[in-house]
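Step one of this worksheet: look at the structure below.
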Amino acid sequence: MKNILEAPFMVEMIRTCTNMYDHGWDERNGGNISLLLSEEELAPYLDLKNVIRTLKTGFEAPALEGKYFLVTGTGKYFKNVQYAPDVNLGIVRIADGGQSAELLWGFTDGGRFTSEFPAHMMSHMARLAVDPENRVVEHCHPTNLLAMTFVHTLDEKAFTKSLWQMCTECVVVFPDGVGVLPWMLCGTNEIGQATADKMKDQRLVVWAQHGLYGAGKTLDEAFGLIETAEKAAEIYMKIAHLPRINTITDEQMKLLADYFGYKVREGYLDC
Ligand code: 13P
Ligand code: ZN
């Protein structure tokens, strides 16, 4: 068997956790990541018949039966992932129609997957239904997006447009917009389902007064989405209290989307 700590997916996962911590988005145990892996990717590194423990999930996810995920552990600090990946991360295979997860590697201190496993798995199901290449769900607590949810209306259209107006490239990076959930109890199936409902047609979902979810084909893509939205929120928070003399107009945003070949979410411009 090859050394799993040298697997490209593991190296990239560790780098992403470290990078997110370094950006200040994952204080303490804040944030969680799940990465869908194929059997072919894993087979050189793990005996897939060796189930270490079986963990109950508390929800159903029939579409994910038999799928493998590399996922961060609950209560674990992103800061520490690089020093002890086998304690802070785990690889699970979804079983029993989603009601349990078979641990194949990691969580060596007896730990389990993130408390936000419902939101992750339900979001994976929602994204895979519209984009079979989706592999990643990332959750974190980016400072400026969080701050924005205290001072900006939570209306999705208005929230999205405010972000689009902050940097020229925003409308191109997330033309599908940003979903916004009101404050809800985290870690529950309810917030998981609500997040997944938004993920059906967009890849970013804000949890008011809590944080952000991003999805993508790669760890980089999900990270880049979050990074772009957070940058826009940072600019918003810098200028929200100042008179605005210039802006990016709807016409300019349409021009951008046309030029780069993206379709802007219907009904979000010219209103
Ligand atoms: P976990 O430590 O269970 O992953 O929770 C962190 C978090 O961000 C909850 O929303
Ligand atoms: Zn959180």
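The values are calculated or read from the model by the stated rules, or taken from the named source; none is laboratory data. Not measured: the values here are computed from a predicted model. Please note: Cβ atoms are built from the backbone with ideal geometry, for glycine as well, and neighbour counts cover all protein chains shown. Surface areas here come from the heavy atoms of the whole protein model, side chains and all, with no ligands, DNA or RNA. Shrake-Rupley method; radii C 1.70, N 1.55, O 1.52, S 1.80 Å.
List of remarks:
- Of the set (1) within 16 Å of ligand 2 (Cβ to nearest atom); (2) outside any helix (DSSP H, G or I), all apply to Pro118 but (2).
- Exactly one residue out of Lys263, Lys217 is under 30 Å from Leu37 (Cβ atoms), of a type outside the set (Asp, Glu) and open to solvent by 60 Å² or more (accessible area, probe 1.4 Å): that is Lys217.
- The set of residues from the range 13-26 being away from ligand 2 (no atom under 16 Å from the Cβ) and surrounded by fewer than 16 Cβ atoms within 10 Å (Cβ to Cβ) comprises Arg15, Asp22.
- When residues of the range 110-137 are limited to those that are away from ligand 1 (no atom under 15 Å from the Cβ), more than 15 Å from Val205 (Cβ to Cβ) and hydrophobic (A, V, I, L, M, F, W, C), the one most open to solvent (accessible area, probe 1.4 Å): Ala129
- Only listed residue being modelled with pLDDT of 95 or more, under 30 Å from Glu234 (Cβ atoms) and among the basic types (Lys, Arg), chosen from Lys76, Lys67: Lys76
- Counting only residues that are more than 15 Å from ligand 1 (Cβ to nearest atom) and polar (S, T, N, Q), the range 189-234 holds 4 of them.
- The single residue among Lys76, Lys67 that is within 25 Å of Ile226 (Cβ to Cβ) and either in contact (Cβ under 8 Å) with a residue 60 or more places away in the chain or within 16 Å of ligand 2 (Cβ to nearest atom) (or both) turns out to be Lys76.
Every residue, every condition in (1) buried (at least 23 other Cβ atoms within 10 Å of the Cβ); (2) within 16 Å of ligand 1 (Cβ to nearest atom); (3) modelled with pLDDT under 95; (4) hydroxyl-bearing (Ser, Thr, Tyr), yes or no:
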{"residue": "His139", "(1), (2), (3), (4)": "yes, yes, no, no"}
{"residue": "Met148", "(1), (2), (3), (4)": "yes, no, no, no"}
{"residue": "His152", "(1), (2), (3), (4)": "no, no, no, no"}
{"residue": "Glu156", "(1), (2), (3), (4)": "no, no, no, no"}
{"residue": "Asp176", "(1), (2), (3), (4)": "no, no, no, no"}
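- Given (1) open to solvent by 30 Å² or more (accessible area, probe 1.4 Å); (2) touching a helix residue (DSSP H, G or I) at 6+ places or on another chain (Cβ under 7 Å), index of the condition Asn29 fails: (2)
Conditions tested, residue by residue: (1) among the basic types (Lys, Arg); (2) in contact with a helix residue (DSSP H, G or I) (Cβ under 6 Å, 6 or more places away or on another chain).
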residue: Val137; (1), (2): no, yes
residue: Thr153; (1), (2): no, no
residue: Gln165; (1), (2): no, no
residue: Thr188; (1), (2): no, no
residue: Leu212; (1), (2): no, yes
residue: Lys217; (1), (2): yes, no
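- Contacts under 6 angstrom Cβ, first residue in the range 249-269 being touching a residue at least 12 places away in the same chain (Cβ under 8 Å), partner assigned to a helix (DSSP H, G or I) and basic (Lys, Arg), 6 or more apart: Tyr268/Lys157
- Pair list, Cβ under 8 Å, 6 or more apart: the range 177-205 residue under 15 Å from Ala61 (Cβ atoms) and in contact (Cβ under 8 Å) with a residue 24 or more places away in the chain, other residue in a loop (DSSP other than H, G, I, E, B) and among the hydrophobic types (A, V, I, L, M, F, W, C): Asn189/Phe59; Gly192/Phe59
- Close pairs from the range 35-59: first among the basic types (Lys, Arg), partner open to solvent by less than 20 Å² (accessible area, probe 1.4 Å), Cβ under 6 Å, at least 6 apart: Arg53/Leu103; Lys56/Ser100
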